[in-house]
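Peer 1: The following block contains the structure, expressed as structure tokens.
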Amino acid sequence: MKKNLTNMLFLTILAAAFVMPAFAEEENTANNEAESSAAVNPDILYEKIVADKKLLVASNMNLTDEEEKGFWPVYDAYQQELQQINQRIAELINEYALAYNKGAVLNETARKLIDESIAIEMAEVNLKKSYVPKLSKVLPDAKVARYIQIENKIRAIIRYDLVDAIPLVY
């Protein structure tokens, strides 16, 4: 799991670079042009991340053939709904970057960002909570717990990377 988790971490960092706008001023347009010409196609990168995550989950779930038949459709539905939350996170980061790059963040903007951040966290918890019964219909509870742990670990890595990359409000 360590090797797959490391690969996932790398891909997550790479993906975060695509959704996170720069918080700092551009240093050199020549460097930026060189970087953008070497950029990876975001659609291909996204497909690779999705496939690698699925491989990571598959390699750690130890599913029987019968469990696989029930699990993967639920997994795919969960991932689709989770992507909507990820999109909200990306939009929130973009809003924050725009505000941050203008200078001191206004109180009204800060409140809006706080409210959306908490709403996103609640949406993620509610999504997880709504899928536990669906997972329990196709997996024993110990494997449901394992899957939730795997998701939590992946999300923790993503959050760590984001927290590390996003400057504090001033």
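A short reminder: the numbers here are calculations on the coordinates, not readings from a lab. Keep in mind the model is a prediction, meaning the values are calculated, not measured.
Peer 1: Taking 2.2 N^0.38 Å as the expected size of a compact globular protein, what ratio does the Cα radius of gyration of the stretch 116-170 give against it, to two decimals? Intermediate results must be reported in sequence, preceding the final value.
Peer 2: Working: Rg = 14.3 Å, N = 55, 2.2 N^0.38 = 10.1 Å.
Taking N as the residue count of the stretch 116-170, the ratio is 1.42.
Peer 1: Moving on. Just the C-alpha atoms of the stretch 31-170: what Rg/Rh do they give, with Rh taken as the Kirkwood radius?
Peer 2: 1.05
Peer 1: Please tell me which of these pairs span more than 21 angstrom C-alpha to C-alpha: Lys69/Lys137; Lys53/Lys128; Lys112/Lys153; Lys53/Lys143; Lys48/Lys134?
Peer 2: Lys112/Lys153; Lys48/Lys134
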